[in-house]
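Remarks on the structure that follows.
The values are calculated or read from the model by the stated rules, or taken from the named source; none is laboratory data. The structure displayed is predicted, hence computed values, not measured ones. Every residue, glycine among them, receives a Cβ derived from its backbone with ideal geometry; neighbour counts consider all protein chains shown. In case anyone asks, the SASA skips ligands and DNA or RNA and just uses the protein heavy atoms, side chains included. Shrake-Rupley method; radii C 1.70, N 1.55, O 1.52, S 1.80 Å.
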Amino acid sequence: MSAAATSVLLAMSAPPYWHCGRTIRQVSLYMLAGLMPAAVMAVCNWGLPAARVMALCVVTAVLVEALCQKVMGRELSVDDFTAVNAGLLLSFLLPAAAPWWLVMLGACIAVTLGKMAFGGLGTNPVNTPLVGWAVLFVSFPLLMDPNAMQLATDYADPLIRLRYFGVAAAEAIPFTDLLLGRQIGGLGAGQAGALFLGGSLLAAFGIIRWQIALGFFLGVAGPAALCHMLDPALNASPFFHLCTGSVLLGGFFLATEPANAPSRPLPMFIYGLLGGALTIAIRKYGVYVDGTPFAVLLVNLLTPLLDLIRPKPFGARSS
Amino acid sequence: MKEVFQMLNDPRFHLLYGVTQRFSTGPEPQLARLNREGFKLVEGVTRKTLVHPRMRLAVHPSPLRGDAFSPIFGRISEINERSIFVEAVEPTEEQRQAAENVEKNRVDLLTLPERGAELGMILKGLGLNTRSLGQHCKTLIINALNPDPGVTWAEPMLLTHLDTLKAGLEVLRRLSPAERILLAVPREMRLHHHDMEVVHVPSQYPASVNALVVKAVTGRENPDGVGIVGLHNVWSLGRVARTGLPLIETVLTIGSLEHSGNYIVKEGSTIGELLHFANIELKNGDTLVRGGPLRGESLDRLDRSVTKGSTGVFVVEAGTIPPMQGHSPCINCGACVLICPARLSPGLLSRNAEFALHERNRAEHIECCLECGLCGYVCIARRPVLQYIRLSKYKLAQADAAAKLEELRSASAESAAASGNASAAQQGGA
Ligand code: SF4
Ligand code: SF4
């Protein structure tokens, strides 16, 4: 007995000794799986250029992250797939015809400014891919405009139609086209049906917080429905708003990045609602046709405030 | 809700396992290791002393801590600051005689007139810890849930060891001033007793944490005048009441991924012998846990032993959970916040602790943490969240003690200066 006792090397650790089994890498892989339908649909609709942009973006994001970690003297942690995730999400917002340098620049900025500059995963105050997107969007508006880039296509840009040709023209686009991603927009952001599928599965598995996604979509649909009811000739239906631009991508995948979203259920829901409502406000009154990315960036900044809404801790004496 | 959408989809968290077999008897230890921290040895007990079962070896100065007894026929092989080691030997005639004498001196607890603290003293003499037996409360709740996931003795205790429990309850009624004693059992268990007030409470971990059982029963958080005792303690009381002899056993679950069983084992049994007895083999890299899998402690050696308070011994096989890596910063994923039954922000608490900002944790109500361990269970970064929280609590307690001492010092210095009676005051302050 005692001979056996000394020959075994036991691992010491801290409680709890059971674990749910989820790790950062596993969650990233789930996220990637959730994005896969949209990636596949993007290639179906836009062909190889879409695959090129996605691959380039992902590779750049990973390499830049590895480089940053080297320079910062950190342990390499690119094997947690979070950079892959950020790269893929960024590529979803780009036009399929974006030039290579634009893609690489975007990925580079997203990872450096949107993540590593603050100290790495989970420390960034705003969503990582959106930082890259915002810089590109502001610096190269023309190249970032899918409508201007995607000339060789039969698809239409529903939001441009809505803004410049009116509701009737916009709603002339068949609903199924919107769902199948046959619309001009970010290469992945427009794959409405696929994103909905992936996103709702992730929400059901608890990988992304359903409170945020639900809040976001209600925030979009609520005001949109109200406007639509008041004047259907001027305002598109809520379904139109949900399926266009990057609303589904934003609600399921961007707004839900947990590090810059509130972490309690009620604040999460409010955060989602605000993000959704902001999207509609920008679409209706702002200069941008798709308000989602900016709306998400803005609510990201509200997170610290929303986090102040918190219940009294268990049994705490009210002071 | 949490279970459906979130991270607790592990069926083991439902603290009802359908286990109803009577407890098996554990092994007769070859080596017993008894805790003696703070104990005073009984006169005549030294190295080489021959001992017999239930021979009193050491006494604790606190009236609430039970005396230490030898669990076996043996010889004391070593005594150090922390432990007494007893090696099993073939008993001599003299030892047998002594053991028989012990058997003859049974105490019939249920006919004794003593109540309250006096009864407490008698129980102490029978090896029972009475500290957590609800001596200062109006309502006393018996927590009859399995304390941790994986621990399975509560159900069989309730169903098949009822006589022992009833005897224990009888002693408890005399010991505790409580006007009401309630038995909190899992909601799914349709248990009714005419002589016991039964309350049904939720049974999904962390529901078994004492504070949450109290909440489930009374509807209030940390109410005054409510005490809670574990079912384990009632069983111990009952065991002593029924045998009339000092307590040298405890009930625990011995479990690994595949095996699990409930045993009545001798106090001081070493973990190595218990695992061997339960046919659980250890491999390199396994984690050995004394206590429950969520709240226990990991051990580095097989010659550590179990005590009266141990709820279980578990082996967590290498590779069944993601390993904890050294440096794992919090990534703010919020999983711990969603799961925390105390409605705290464990991630934030652990980050503060990590950077030694313990004072900040006061504002975060770190004292409300129930130490359920769920934050670490769901942490996708595999941070030792609970460990950080405990560290912070410990540091804060230290700081409080230091502050108090400082206060006393300055107060005594003042009074010393005022009265001139310096030496007496100084002594009071120290
Ligand atoms: S151990 Fe963690 S989850 Fe449990 S109460 Fe404490 S902080 Fe909350
Ligand atoms: S679960 Fe872990 S990584 Fe996530 S917020 Fe809590 S401590 Fe941080």
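Worth a mention:
- Just so you know, in region A:23-40 the residues that are surrounded by fewer than 21 Cβ atoms within 10 Å (Cβ to Cβ) and within 11 Å of chain B (Cβ to nearest Cβ) include one that is farthest from A:Val103 (Cα to Cα), and it is A:Thr23.
- Some residue of region B:315-338 being crowded, with 24+ Cβ neighbours inside 10 Å, closer than 30 Å to B:Gly127 by Cα and in contact with a Leu (Cβ under 8 Å, 6 or more places away or on another chain): yes
- In this entry, A:Val43 is excluded by the filter for residues that are within 19 Å of A:Ala107 (Cα to Cα), more than 14 Å from every other protein chain (Cβ to nearest Cβ) and not in a loop (DSSP other than H, G, I, E, B).
- Under the condition of being assigned to a loop (DSSP other than H, G, I, E, B) and either of a type outside the set (D, E, K, R) or at the interface with another protein chain (Cβ under 9 Å from one of its Cβ atoms) (or both), the residues counted in region B:308-317 number 3.
- From B:Ala413, B:Ala381, residue being in a helix (DSSP H, G or I), more than 10 Å from ligand 1 (Cβ to nearest atom) and either under 26 Å from B:Ala207 (Cα atoms) or more than 9 Å from every other protein chain (Cβ to nearest Cβ) (or both): B:Ala413
- Given (1) away from ligand 2 (no atom under 16 Å from the Cβ); (2) outside any helix (DSSP H, G or I); (3) open to solvent by 20 Å² or more (accessible area, probe 1.4 Å), number of the condition B:His276 does not satisfy: (2)
- A count restricted to region B:7-50 and to residues that are among the small types (Gly, Ala, Ser), within 30 Å of B:Arg65 (Cα to Cα) and part of a loop (DSSP other than H, G, I, E, B) stands at 3.
- Test: residue in region A:52-70 that is basic (Lys, Arg), surrounded by fewer than 16 Cβ atoms within 10 Å (Cβ to Cβ) and touching a residue at least 40 places away in the same chain (Cβ under 8 Å): no
- Checking B:Arg301 against (1) in contact with a Leu (Cβ under 8 Å, 6 or more places away or on another chain); (2) buried (at least 23 other Cβ atoms within 10 Å of the Cβ); (3) assigned to a loop (DSSP other than H, G, I, E, B), the condition it does not meet: (2)
- B:Ser310 meets all of the listed conditions (1) free of Cβ contacts under 8 Å to residues at least 60 places away in the same chain; (2) more than 15 Å from ligand 2 (Cβ to nearest atom) but one, namely (1).
- Residue in region B:298-307 that is more than 26 Å from the chain's Cα centre (by Cα), under 30 Å from B:Lys215 (Cβ atoms) and away from ligand 2 (no atom under 16 Å from the Cβ) present: no
- Flag for A:Gly181 being at positive phi and outside any loop (DSSP other than H, G, I, E, B): no
- Residues that are assigned to a loop (DSSP other than H, G, I, E, B) and more than 10 Å from chain A (Cβ to nearest Cβ) were ranked within region B:318-363; the one that is farthest from ligand 1 (Cβ to nearest atom) is B:Gly319.
- Total residues in region B:283-298 satisfying the condition of being surrounded by 16 or more Cβ atoms within 10 Å (Cβ to Cβ) and assigned to a loop (DSSP other than H, G, I, E, B): the figure is 7.
- Filter pass, B:Gly291 being within 11 Å of chain A (Cβ to nearest Cβ), closer than 30 Å to A:Met268 by Cα and within 16 Å of ligand 1 (Cβ to nearest atom): no
- Test: residue in region A:7-19 that is of a type in the set (Gly, Ala, Ser), within 14 Å of chain B (Cβ to nearest Cβ), part of a helix (DSSP H, G or I) and open to solvent by 30 Å² or more (accessible area, probe 1.4 Å): yes
- Unique residue being on the phi < 0 side of the Ramachandran plot, modelled with pLDDT of 95 or more and open to solvent by less than 40 Å² (accessible area, probe 1.4 Å) when the list is A:Phe240, A:Phe217: A:Phe217
- Given (1) within 25 Å of B:Arg383 (Cα to Cα); (2) open to solvent by 50 Å² or more (accessible area, probe 1.4 Å); (3) not aromatic (Phe, Trp, Tyr), index of the condition A:Val43 fails: (1)
- Residue count for region B:352-377, restricted to those that are of a type in the set (Phe, Trp, Tyr) and either away from ligand 2 (no atom under 14 Å from the Cβ) or surrounded by fewer than 19 Cβ atoms within 10 Å (Cβ to Cβ) (or both): 1
- Conditions (1) closer than 30 Å to B:Glu155 by Cα; (2) in contact with a strand residue (DSSP E or B) (Cβ under 7 Å, 6 or more places away or on another chain); (3) more than 14 Å from chain A (Cβ to nearest Cβ); number of the one not met by B:Ile76: (1)
- Boolean, A:Leu266 is in contact with a helix residue (DSSP H, G or I) (Cβ under 7 Å, 6 or more places away or on another chain) and on the phi < 0 side of the Ramachandran plot: no
- Restricting attention to region B:176-208, the residues that are in contact (Cβ under 8 Å) with a residue 24 or more places away in the chain and not aliphatic (A, V, I, L, M) total 12.
- The residue list B:Asn35, B:Asn80 contains one member that is of a type outside the set (Asp, Glu), open to solvent by less than 80 Å² (accessible area, probe 1.4 Å) and within 30 Å of B:Leu175 (Cβ to Cβ), which is B:Asn35.
- Test: residue in region B:27-44 that is of a type in the set (Lys, Arg) and away from chain A (no Cβ under 14 Å): yes
- Of all the criteria given as (1) within 16 Å of ligand 1 (Cβ to nearest atom); (2) open to solvent by 30 Å² or more (accessible area, probe 1.4 Å), the one not satisfied by A:Ala277 is (1).
- A:Ala233 being among the small types (Gly, Ala, Ser), open to solvent by 10 Å² or more (accessible area, probe 1.4 Å) and within 16 Å of ligand 2 (Cβ to nearest atom): no
- Top-ranked residue of region B:378-390 - restricted to ones that are open to solvent by 30 Å² or more (accessible area, probe 1.4 Å) and out of contact with any Gly (no Cβ under 8 Å at 6 or more places or on another chain), ranked as nearest to ligand 2 (Cβ to nearest atom): B:Tyr388
- Some residue of region B:226-241 being surrounded by fewer than 19 Cβ atoms within 10 Å (Cβ to Cβ) and either without any contact (Cβ under 8 Å) to a residue 60 or more places away in the chain or outside any loop (DSSP other than H, G, I, E, B) (or both): no
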